[in-house]
Amino acid sequence: MRPPIRFATLAIGALITAALTTGCSPSSKASEKASAEKTQDAAAAAPSKRDATTPLAIGETGTYSAVDRASGARTKMSITFKNVKTVSPSEIKTTHKPKGQYIVLTLTVKNVGDKDGGFHPRGLMKWQDTQTAEQSASTRETTGTGHNVDATYRPGQSVTGDVVLDVPRTGGKVIFYDSAGTASLTFELPAD
């Protein structure tokens, strides 16, 4: 009788040891941590619910993946469309006459990623409406007030400032390209 009891006792002891080892092992905790990190990385890499072609209205925020031209590194940038106004050349202290009219976009730019990332609108902002094909709207003009948003941002860094554009008329939309190719963000301009 003793061998079966001894065998049963050993079997139960082995099962308890295996259960305790599996439930509390460092590899199990490491596996859980790796799974949680993978889920967080997937959420950070997931595109914004707002498509780049869906225009932002004043007060709305959109995100895009900024690509460093030198290293190819990617990070996530957030842009809040704060305001837009039409200005005269004298209001921005320039003697250059616009082809159409100057407008000033006020934007808050924030690096919400984990690497340095840039927002460089000069040469990468285009305008279009239902009657006119996409055309360059970028200028080298500045308002002379506020911060320069054309910069490289460290993770968490945020700046609010202005971008001066030259557009043919009121209304339409402005499309920002982080690089050549597909649009990164689109801004809806009020018609009045």
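The values are calculated or read from the model by the stated rules, or taken from the named source; none is laboratory data. Since the model is a prediction, treat every value here as computed from it, not as a measurement. Keep in mind that these areas ignore ligands, DNA and RNA; they rest on the heavy atoms of the full protein, side chains included. Shrake-Rupley method; radii C 1.70, N 1.55, O 1.52, S 1.80 Å.
Output the pairs from Lys76/Lys173; Lys85/Lys110; Lys110/Lys173; Lys76/Lys110 with a Cα-Cα distance over 20 Å in this structure; if there are none, say none.
Details: Lys76/Lys173 23 Å; Lys85/Lys110 22 Å; Lys110/Lys173 22 Å; Lys76/Lys110 9 Å.
The pairs that break the limit, which is 20 Å between Cα atoms, are Lys76/Lys173; Lys85/Lys110; Lys110/Lys173.
Going by the alpha-carbon gyration tensor, a ≥ b ≥ c the square roots of its eigenvalues, is the range 81-192 rounded (a/c under 1.5) or, if a/c is not under 1.5, prolate (a/b greater than b/c) versus oblate? Show your work: numbers first, answer last.
Details: a/c = 1.98, a/b = 1.35, b/c = 1.47.
Oblate shape, in that a/c is at least 1.5 and b/c is the bigger or equal ratio.
Between rounded, prolate and oblate, where does the range 96-151 land on the alpha carbon gyration tensor, with a ≥ b ≥ c its root eigenvalues, rounded for a/c under 1.5, else prolate if a/b exceeds b/c? Display every interim value, and only then the final one.
On the way: a/c = 2.58, a/b = 1.53, b/c = 1.69.
Oblate shape, in that a/c is at least 1.5 and b/c is the bigger or equal ratio.
Restricting everything to alpha-carbon atoms, can you work out Rg to Rh for the range 63-142 with a Kirkwood hydrodynamic radius? Write out the running numbers ahead of the final one.
Values: Rg = 15.1 Å, Rh = 14.7 Å.
That ratio equals 1.03.
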With a ≥ b ≥ c the root eigenvalues of the C-alpha gyration tensor of the range 130-189, is it rounded (a/c under 1.5), prolate (a/b larger than b/c) or oblate? oblate
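How much of the accessible area of the range 153-192, in percent, comes from carbon and sulfur atoms when a 1.4 Å probe is used? Could you put the intermediate results ahead of the total?
On the way: 830 of 1670 Å².
The computed percentage sits at 50.
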